[in-house]
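J.: This is the structure I have questions about; it appears just below.
Laboratory data are not the source of any read-out in this text; all were calculated from the coordinates shown. Keep in mind that what you see is a predicted model, and the values were worked out from it rather than measured. Heads up, the Cβs are rebuilt from the backbone with ideal geometry, glycines too, and the neighbour counts pull from every protein chain shown.
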Amino acid sequence: MLYFLISSISVRAGAAGLLSLVLSLWMLKTFIDKSKREGWVDYVRSYAPDSHEMKRGIPTTGGIFIIASVGLAILFFANLKSRFLLVSLLVIFSLALVGFLDDALKAKRESSRGLKTRYKLLIQFVFACLVAFYLYYQPGFSKYLNIPFTRLSLNLGWLYIPLIISIIVATPNSVNLTDGLDGLAAGCVLIAGLGYALLSYLAGSGLFFRYLNINYVSGAGELMVFWGALLGAIIGFLWYNTYPARVFMGETGAQVLGGALAITAILIKQEILLILIGGIFVIEALSVFLQVFFFQTSGKRIFRISPLHHHYELKGMEEPKVVVRFWIITALLALLGLSSLLWK
């Protein structure tokens, strides 16, 4: 709406971030108690430590207010004709619907049992296929996979389709697995999102790709406005989500934030770098996979409990300490990922 009045991407990104911050703070303050009365609350996951019983009854509508704040901020400050922006919005709003269905079922059943995993994965897979085929057949969409810290790239051809599908399905679910402690997932996405906001700006600039190890992607700079809105909403959410949390993001929020990271990595051709910048999410998902694999094959557990953050809880580490240390690790991984731009 105001795109035609403000041409600077950085100004519009800042304005979108400020507006979404204000909106998310207002929405959360206004509707937290109402959400609780309506039954949109946490019923504690079955695999969570016993200490998490104190979290029962905390509203889980944070993700709804995140997506609402982002949508309004983008409506005001983004270029709604941008193909990159429209694809990104399609991804996060579609995944938000999947998450909302899960949260709604939990509220209806008054249980931690939401949408069955196989159904959720099937819906995500079908949607990811549609996105993958659309991008693959877009004129000018590169099928080359860039290798960080090198100048090498691989022409994947049609194999790029399963790569896109796996990223769109895996990333939101990894963020959801990480969302088990107050402020953990949101804080890690905030840090990783800052990294991808910068990468989007650099990839879309006609100047920096000449001096940095990054491919020029025409139009990608508009994703900085997209991330400006997201980061503002996340900060507003964190105001109420840090320990002791007054609201959780729910499945809706995890799907939105994970989807945003996934589609941005794909659009700016930094897919492999997501493994590093989003390393915490990879580690959390891997801890669950290894726990299940070893238990089913040997009857033994390699962690006291999974995902990994709960393992450290059971070892006696206080929740805020686990969260902050995971934030620090994410920041270090993000800096390491960004340093790949300096390798010529």
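J.: Assuming GLY57 fulfils every condition listed in (1) assigned to a helix (DSSP H, G or I); (2) surrounded by fewer than 22 Cβ atoms within 10 Å (Cβ to Cβ) apart from one, which condition is it?
T.: (1)
J.: Taking the range 124-160, which residues are assigned to a helix (DSSP H, G or I), under 30 Å from TYR211 (Cα atoms) and either of a type in the set (Phe, Trp, Tyr) or within 23 Å of the chain's Cα centre (by Cα) (or both)?
T.: LEU135, TYR136, TYR160
J.: Additional query: Would you check if LEU276 is over 27 Å from LEU23 (Cα atoms), in contact with a Gly (Cβ under 6 Å, 6 or more places away or on another chain) and among the hydrophobic types (A, V, I, L, M, F, W, C)?
T.: Yes.
J.: Filter the range 295-326 down to the residues that are surrounded by fewer than 17 Cβ atoms within 10 Å (Cβ to Cβ) and within 22 Å of ILE275 (Cβ to Cβ) and list them by number.
T.: ILE302, ARG325
J.: Another question about this same structure. Residues in the range 89-108: is at least one among the basic types (Lys, Arg) and either closer than 17 Å to ALA229 by Cα or exposed (fewer than 15 other Cβ atoms within 10 Å of the Cβ) (or both)?
T.: For the range 89-108, residues among the basic types (Lys, Arg) and either closer than 17 Å to ALA229 by Cα or exposed (fewer than 15 other Cβ atoms within 10 Å of the Cβ) (or both): present.
J.: Taking the range 109-147 as the search range and keeping residues that are among the small types (Gly, Ala, Ser) and surrounded by 13 or more Cβ atoms within 10 Å (Cβ to Cβ), which one is nearest to ILE58 (Cα to Cα)?
T.: Among them, the one singled out is SER112.
J.: Sticking with this structure for a sec: Scan the helices (runs of 4 or more DSSP H) fully inside the range 258-340 and keep the ones with 2 or more residues being in contact with a strand residue (DSSP E or B) (Cβ under 9 Å, 6 or more places away or on another chain) and touching a residue at least 40 places away in the same chain (Cβ under 8 Å).
T.: In the range 258-340, 271-277 are the helices (runs of 4 or more DSSP H) which contain 2 or more residues that are in contact with a strand residue (DSSP E or B) (Cβ under 9 Å, 6 or more places away or on another chain) and touching a residue at least 40 places away in the same chain (Cβ under 8 Å).
J.: Find all pairs meeting these conditions: Cβ atoms under 6 angstrom apart; at least six residues apart or on different chains; first residue within the range 208-227 and assigned to a loop (DSSP other than H, G, I, E, B); second residue surrounded by fewer than 18 Cβ atoms within 10 Å (Cβ to Cβ).
T.: What qualifies is ASN213/TRP343; ASN213/LYS344; TYR216/PHE209.
J.: Okay, moving on. For the range 34-41, does any single residue satisfy the condition of being small (Gly, Ala, Ser), under 22 Å from TYR243 (Cβ atoms) and not in a loop (DSSP other than H, G, I, E, B)? Don't jump to the end; show me each part of the working.
T.: Pass one, the range 34-41, residues small (Gly, Ala, Ser): 35, 39.
Now drop any that are not under 22 Å from TYR243 (Cβ atoms), which leaves 35.
Keeping just the survivors that are not in a loop (DSSP other than H, G, I, E, B) gives 35.
Yes.
J.: State whether the residues of the range 148-155 include one that is surrounded by fewer than 16 Cβ atoms within 10 Å (Cβ to Cβ), in contact with a Leu (Cβ under 9 Å, 6 or more places away or on another chain) and of a type in the set (A, V, I, L, M).
T.: Yes: one or more hits.
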